[in-house]
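Structure record follows, encoded as structure tokens.
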Amino acid sequence: MANPSGIGASVRRREDKRFLTGSGTYTDDINRPGQTFACMVRSPHAHAAIRGIDTAAALAMPGVVAIYTGADMAADNVNGLPCGWLIHNKDGSPMKEPPHFPLARDRARHVGDTVAVVIAETREQAKDAAEALVIDYEERPAVASAVKALEPGAALVHDDVPGNLCYDWHLGDKAATDAAFAQAAHVTTLDLVNNRLVPNAMEPRAAIGEYDRATGEHTLYTTSQNPHVIRLLMGAFVLGIPEHKLRVVAPDVGGGFGSKIFHYAEEAIVTWAAKKVGRPIKWTAERSESFLTDAHGRDHVSRAELALDKDGNFLALRVHTVANMGAYLSTFASSIPTYLYATLLAGQYKTPAIYAEVKAAFTHTTPVDAYRGAGRPEACFLIERIVDKAAIELGIDKAELRRRNFVPKEAMPYQTPVALQYDTGDFAKNLEMALPVVDYAGLAQRKTDAKARGKLRGIGFATYIEACGIAPSNIAGALGARAGLYESAEVRFHPTGSVTVFTGSHSHGQGHETTFAQLVADRFGLPIENIEIVHGDTNKVPFGMGTYGSRSLAVGGSALVKAMDKVERKAKKIAAHLMEAAEADIEVKDGKFSVAGTDKAVTIGEIALAAYVPHNYPLEELEPGLDEQAFYDPKNFTYPNGCHVCEVEIDPETGVTEVVAFTAVDDFGRVINPLIVEGQVHGGIVQGIGQALLENCVYDDETGQLVTGSYMDYCMPRADDVPSFTVQYHEDQPCTHNPLGVKGCGEAGTIGASAAVINAVVDALAEYGVTHIDMPATPQKIWQIVRQATPAMAAE
Amino acid sequence: MANTVTLTVNGKTVTREVEERTLLVHFLRETLGLTGTHVGCDTSQCGACVVHVDGRSVKSCTTLAVQVDGASVTTIEGLAAADGTLHPMQAAFREHHGLQCGFCTPGMVMSAVDLVRENPTPSEKDVREGLEGNICRCTGYHNIVKAVLTGAEAMRSGSDAKIAAE
């Protein structure tokens with residue numbers, strides 16, 4: 001019988017018990033001896049010169065330990081927070097990278113920019129003293145919109161960045177695209193906005209800095225998706241601390257969704273200041289601070305044009321996008337609207353020519369970076385919206401137009417015109433699986449029934465593809481990446497046969513402690529209880545690039561497989577010695593090493609014992625011990641894909657949209673734990689529905705103030721905003737280039753859902769002449785459309 | 001200014017000095033070290049801080065410690081049986097994968113238990129509306145709803161929800 005905890009089993013999560021009993025250890029749950037508390041003093045202005053900071057009154061407040069400003073950091077030669085990806089302009093020149101100091105010097109550039117830190121005995125004392133700080137600001141004009149920031153005469157965010165232009169980049173064959181447009185029978189044009197979002201992981205960011213005078217070692221506890229990356233960026237670039245003197249621990253982390261990838265100012269501030277005050281310093285964000293300082297997501301304004309022939313075949317796609325970077329370049333900000341966006345503009349379609357231009361602008365807003373999907377939801381939204389619009393204009397069924405243009409599975413591997421090479425995918429199969437599930441044939445009847453109840457019913461498709469596990473390192477490096485994109489794993493068998501796995505991936509909800517253990521249980525026939533997965537501590541795990549971009553299983557899991565391969569190779573030699581057989585005769589199955597054609601066998605546990613108590617052991621040929629480490633650098637991205645279908649009903653009296661059904665059919669390659677995979681899809685879908693119907697980050701254009709700065713103003717999806725979902729997947733198209741055949745499932749729901757929802761809303765509103773609606777499709781927006789359209793329709 | 005409060009927390013009587021402005025959630029987390037109760041927002045919206053005060057769910061981020069002087073408080077740490085057996089609602093969350101990062105989970109479970117106390121036979125709609133004051137960013141609520149419906153059934157029958165063997 002197969003291992004009940006092996007690959008493909010819906011093993012219940014091993015991490016759940018601690019979370020369900022309140023025994024998890026999140027950063028704010030940690031308290032260090034002698035700990036002080038930091039309050040970050042934040043700019044209330046979107047743009048202001050800092051003319052002076054008077055600390056005297058605040059320093060005299062009870063419990064205050066120290067107050068530091070940008071000048072103190074400058075005196076210690078602290079550098080700015082680096083950006084991890086260099087983008088080149090069309091003309092080959094490098095993008096603009098103005099410095100991003102942890103504590104602002106001279107100028108505040110967005111509401112929430114950190115201007116000073118107050119350290120006190122208690123959190124309350126730190127907050128009280130922060131209010132007593134006197135900061136002389138001289139307000140300056142601000143610009144919040146990226147489009148306006150690029151207009152002549154716009155307020156400058158950085159004096160040495162003319163026109164606020166970070167970069168002007170392009171991808172694809174412009175001449176071929178223009179030529180295809182010149183011959184097109186039909187051109188569909190769509191202007192669209194991909195609205196700015198606030199990631200809102202439920203655990204607010206937190207950081208504790210600590211310095212050990214005896215060893216000279218700094219420790220940072222932080223809410224991070226990738227502690228080794230933080231160690232590298234903060235140690236090498238910002239504070240100048242060598243890596244062997246810097247430990248970064250990311251314990252239990254309460255969700256990330258991209259927003260906890262980046263190296264943030266507060267991490268550097270508490271680490272640097274802990275040495276100065278000689279005591280640990282804890283900082284925990286309040287939710288208002290999260291809204292102001294967690295990197296935001298999306299914020300694109302685009303014009304898209306699709307050229308088609310008379311039969312509805314796509315000939316070319318042309319895209320112009322303006323992307324908002326915010327006030328500074330966050331860690332991976334520059335790569336999101338370029339290599340994670342424009343490279344996905346082929347979608348699932350064999351469009352022969354594609355050309356994309358992207359202008360990135362600095363604005364007086366919070367920095368924008370990767371948020372679940374990161375560039376790929378923006379690409380999917382654009383493609384799937386314009387395909388729907390083209391179908392309406394040409395009078396072709398929306399499923400049929402997609403089917404007609406899919407890259408056929410026979411064409412795999414398929415080289416797109418925008419750099420990527422898809423390895424596998426059967427896009428038609430996803431669609432054909434979905435159609436009966438959603439009862440596409442019965443749609444007309446459901447629309448009629450809804451009409452009789454006074455409701456407007458609509459259906460929306462999104463056939464998405466994404467690129468996960470960004471790689472390989474050498475190609476990414478040639479495209480501007482300043483880091484490697486591999487992952488590490490160490491598999492340590494203990495003398496009594498239990499196993500500790502050290503992985504550079506980081507789990508903050510994804511269930512690695514279960515899934516990764518399943519891989520080991522499956523490989524060596526071990527009970528899952530005998531396997532421990534360790535992550536999130538640079539002093540325990542050899543190295544790691546962390547978890548983002550749905551990479552953990554495809555890259556981290558593959559590294560684990562490589563390390564297990566090494567363990568098995570050594571174990572075979574030991575087994576051969578123990579059974580006095582030739583290594584070539586050793587067969588391995590489910591952790592049992594047997595001599596072919598005999599009943600002689602030893603288990604991996606016996607081999608481990610022999611490796612650590614090497615009395616009967618080939619010491620001349622082999623080192624003792626059974627502990628192997630591997631790094632895995634992927635050959636290509638993986639390409640999860642699927643078909644998401646949303647059905648909505650709109651009440652024209654109130655403008656309220658109800659999502660009545662949502663079906664996802666996905667191809668994630670091989671699935672290790674179906675329960676966890678489905679959970680990832682559910683969560684992703686709701687983030688997509690959230691963007692489409694509820695969530696919106698709004699800045700006041702005149703003042704640059706964040707209007708949606710709390711859960712009172714920013715509409716988070718709640719349990720009664722969404723239905724239950726139908727989630728299916730097939731495993732027919734495993735990834736061809738990693739040892740597990742896995743593709744990644746963390747972002748799929750978010751990538752497909754927003755386009756599927758808006759397509760459904762537009763379909764429902766078709767009778768009002770609606771061809772597009774920007775996100776979020778709020779009741780107010782829909783009510784206005786219905787009200788404005790009704791008199792005209794009544795007059796017909 | 002310091003005040004003395006005496007309350008019963010998870011069955012144990014505690015007496016402590018607190019500032020007037022000390023919130024119940026900070027009292028639990030920092031004074032008593034019960035860090036299972038979380039703070040997810042500052043506007044009483046997210047529900048990560050839900051505990052039971054005299055058997056009813058409250059948001060401990062908008063309750064002052066001095067307000068609950070004399071009351072009985074149950075936190076997530078006090079929900080399982082003394083021998084470690086999970087409460088049926090906790091077991092149902094695990095069985096149905098009703099949690100991912102775990103941060104909203106303590107508040108979500110405490111709210112769900114009170115929801116079922118008030119309405120022992122909730123429909124899916126009842127559960128969704130009843131949990132409107134708890135935000136989860138990970139699960140999309142699908143499995144939370146399944147878990148609460150299963151947990152309600154188990155609480156009615158007085159038996160523990162089945163925990164599948166690992």
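Take the Kirkwood radius over Cα pairs of region A:653-742, plug it into Stokes-Einstein at 20 °C and 1.002 mPa s, and you get 134 µm²/s for translational diffusion. Annotation: amide H of A:Tyr729 within the under-5 Å range of A:Asp666, sequence separation 5 or more or interchain, hydrogens built in the peptide plane. Computed 3J(HN,Hα) for region B:88-102, one whole-Hz value per residue from the Karplus formula 6.51 cos²θ - 1.76 cosθ + 1.60 where θ = phi - 60°, is x, 6, 4, 4, 5, 4, 6, 4, 9, 6, x, 8, 10, 6, x, glycine and proline marked x.
Could you compute the net charge surrounding A:Val648? Neighbours are other residues with a C-beta less than 10 Å from the C-beta of A:Val648; K and R count +1, D and E count -1. In short, -2.
When A:Thr363, A:Thr122 are sorted by how many other C-beta atoms sit within 10 angstrom of their C-beta, beginning with the fewest, the order is A:Thr122, A:Thr363. Mind grabbing the base-10 log of I(q)/I(0) for region B:88-157 at q = 0.13, 0.17, 0.21, 0.22 Å⁻¹? Debye formula, identical points on the C-alpha positions, no solvent, two decimal places. So the normalised log intensities work out to -0.27, -0.48, -0.75, -0.83. Full extension of the chain segment joining A:Ala60 with A:Asp720 gains 232.6 nm, where the gain is 0.36 nm per residue of separation less the Cα-Cα distance.
In terms of its Cα atoms, region A:65-110 spans 50, 20, 14 Å along the principal axes, sorted from long to short. Our analysis of region A:606-765 gives Rg over Rh at 1.24, with the two radii drawn from alpha carbon positions and Rh computed by the Kirkwood formula. Relative intensity of region A:572-675 on a log10 scale, I(q)/I(0) at q = 0.12, 0.18, 0.24 Å⁻¹, equals -0.66, -0.93, -1.21, per a Debye sum over C-alpha point scatterers of equal strength in the absence of solvent. Taking a point 7 Å out from the Cα of A:Tyr612 in the direction of its Cβ, the residues of region A:475-496 whose backbone N falls within less than 12 Å of it are A:492-496. May I ask you to derive the FRET efficiency for A:Lys451 and A:Arg787 from their Cβ-Cβ distance with R0 = 22 Å, giving the value to the nearest 0.05? For A:Lys451 and A:Arg787, the calculated efficiency is 0.75.
Charge tally for A:Lys310 (other residues, Cβ to Cβ under 13 Å; Lys, Arg +1; Asp, Glu -1): -2. With K and R counted +1 and D and E -1, the other residues having a Cβ less than 15 Å from that of A:Tyr440 yield a net charge of -1. Around the Cα centre of the protein assembly as shown, unit charges on the Cβ atoms of Lys, Arg, Asp and Glu (plus for the first two, minus for the last two) sum to a dipole of about 340 debye. In this simple spin-label approximation, A:Asn77 and A:Ala175 carry label points 7 Å from Cα along the Cα→Cβ vector, and these lie 5.1 nm apart. Arranged from fewest to most other beta-carbon atoms within 10 Å of their beta carbon, A:Thr463, B:Thr74, A:Thr177 become B:Thr74, A:Thr177, A:Thr463.
Against the empirical 2.2 N^0.38 Å scaling, what ratio does the C-alpha Rg of region A:696-762 come to?
Taking the Cα Rg and dividing by 2.2 N^0.38 Å, one obtains 1.71.
What translational D, rounded to a whole number of µm²/s, comes out for region A:20-66 from Stokes-Einstein when the hydrodynamic radius is the Kirkwood one over Cα pairs, at 4 °C and 1.567 mPa s?
Reported coefficient: 87 µm²/s.
Inter-label distance, A:Gln629 to B:Thr15: 5.6 nm, where each label sits 7 Å from its Cα along the C-beta direction. Highest mean packing comes first when the peptides B:97-107, A:618-628, A:291-301 are listed by Cβ atoms within 10 Å, giving B:97-107, A:291-301, A:618-628. For A:Ile354, the residues whose modelled amide H falls within less than 5 Å of its own, excluding neighbours fewer than 5 places apart on the same chain, are A:Asp173, A:Leu317. Computed from backbone phi, the HN-Hα couplings of region A:592-602 come to 9, 10, 10, 8, 3, x, 10, 9, 7, 7, 10 Hz, rounded to whole numbers (Karplus: 6.51 cos²θ - 1.76 cosθ + 1.60, θ = phi - 60°; Gly and Pro given as x). Under 16 Å from a label point set 7 Å out along the Cα-to-Cβ vector of B:Thr43, the amide N atoms of region A:677-713 belong to A:694-700, A:705-713. Less than 5 angstrom separates the built amide H of B:Asn10 from those of B:Val73, B:Thr74, B:Thr75, all sequence-distant by 5 or more or on a different chain. The calculated FRET efficiency for A:Ser498 paired with A:Asp774, based on their beta-carbon distance and R0 = 45 Å, is about 0.25.
Each label point was placed 7 Å from the Cα along the Cα-to-Cβ direction; for B:Thr31 and A:His244 their separation is 4.8 nm.
With one equal scatterer per alpha carbon and no solvent term, the Debye-computed log10 I(q)/I(0) for region A:65-170 at 0.11 1/Å reads -0.49.
Report the percentage of all Cα-Cα pairs in the protein assembly as shown whose separation exceeds 44 Å, rounded to a whole percent.
Of all Cα-Cα pairs in the protein assembly as shown, 32 percent lie more than 44 Å apart.
With Cα atoms defining each centre, region A:451-472 and region A:1-38 are spaced 33 Å apart in the structure. Listed by chain and number, the lysines whose C-alpha is less than 19 Å from the C-alpha of A:Lys409, apart from same-chain residues fewer than 8 away, are A:Lys350, A:Lys429, A:Lys743.
Residues of region A:348-379 falling in the label zone of A:Ile396, defined by backbone nitrogen less than 18 Å from a point 7 Å along Cα to beta-carbon, are A:348-354.
Both the radius of gyration and Dmax for region B:30-125 are 13.4, 39 Å, in that order, over alpha-carbon atoms. Sorted ascending by nearby beta carbons within 10 Å, beginning with the fewest, A:Ser145, B:Ser111 become A:Ser145, B:Ser111.
How much of the calculated P(r) for chain B lies past 25 Å, in percent of all Cα pairs? For chain B, the share of Cα pairs beyond 25 Å comes to 30 percent. Note that region A:82-87 has calculated 3J(HN,Hα) couplings of x, 9, x, 8, 8, 9 Hz, one per residue in order, obtained from phi through the Karplus relation 6.51 cos²θ - 1.76 cosθ + 1.60 (θ = phi - 60°); glycine and proline are x.
Rounded to 0.05, the FRET efficiency of the A:Gln415 and A:Ala182 pair, given R0 = 41 Å and the Cβ-Cβ distance, is 0.95.
Here, each number is a calculation from the coordinates, and none is a lab measurement. Fair warning: this is a prediction, and the values are worked out from it, not measured in the lab. Quick reminder, even Gly has a Cβ in these numbers, built from the backbone with ideal geometry, and neighbours come from all protein chains shown.
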